[in-house]
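The values are calculated or read from the model by the stated rules, or taken from the named source; none is laboratory data. Every value quoted in this text rests on a predicted model; they were computed, and no experiment measured them. Every residue, glycine as well, gets a Cβ built from its backbone with ideal geometry; the counts of neighbours run over all protein chains shown. Only protein heavy atoms, including side chains, enter the accessible area calculation; ligands, DNA and RNA are left aside. Shrake-Rupley method; radii C 1.70, N 1.55, O 1.52, S 1.80 Å.
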Amino acid sequence: AGWRWLPSPSVNAQNSGSSLINTQLVSYSTPYDPCMNPLLVKSSAVINITTATTTLLVGQSTGKTVYPCNISLTAVATSPTVEFEYGTKVSTACDTGATALTGTFAPTTGSMMKFTEPGTQFVVPASKGLCIVTGGTGTIGFNGFINYVQQ
């Protein structure tokens, strides 16, 4: 819900001949996207992965949801693969309740993947962490960043 000032349909007739319009504060509801809110501070994390593994990008926080806003990633490997998932960390990244947020991407080595459409890219449920699952053979490198809101 938000707030904005709207003119009231009533006119103040008390003011000798001039028409003063009263205003009132009214509420309205709009779909809410934290990534599009300029008043919210975005956090960021560096992606720098050199093995085929599951890596925690954004740690879990009790009661807080993660909204990834922008992700930029370069993949270097023989047949690189990347997938995003959420889960909780007991001993290793997303080792409990791991659930895929995306399918498995198979970019061309050296190519850049960008998730930069305006707004939230996908939503990580409350109290869960965001992980990236990387794969490939040979020399492996996944480098980039993620901007997100966690609230």
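Observations, loosely collected:
- From the Kirkwood radius over Cα pairs of region 36-89, Stokes-Einstein at 20 °C and 1.002 mPa s returns a whole-number translational diffusion coefficient of 156 µm²/s.
- In straight-distance terms, cross-link reach from Lys114 covers every one of the lysines whose alpha-carbon lies under 20 Å from its own, apart from those fewer than eight places away in the same chain; here that gives Lys42.
- Rounded to the nearest 20 debye, dipole of region 36-151 from Cβ charges on Lys, Arg, Asp, Glu: 220
- Cross-link reach list, aspartates and glutamates versus Lys64, counting only Cα pairs under 18 Å and skipping chain neighbours closer than eight places: Asp33, Glu85
- Going by accessible surface with a 1.4 Å probe and the largest first, Ser72, Ser61, Ser91 read Ser91, Ser61, Ser72.
- The three principal axes of the Cα atoms in region 48-151 give end-to-end lengths of 39, 34, 20 Å, sorted in falling order.
- For the pair Thr96 and Ser111, label points projected 7 Å from Cα toward Cβ lie 3.8 nm apart.
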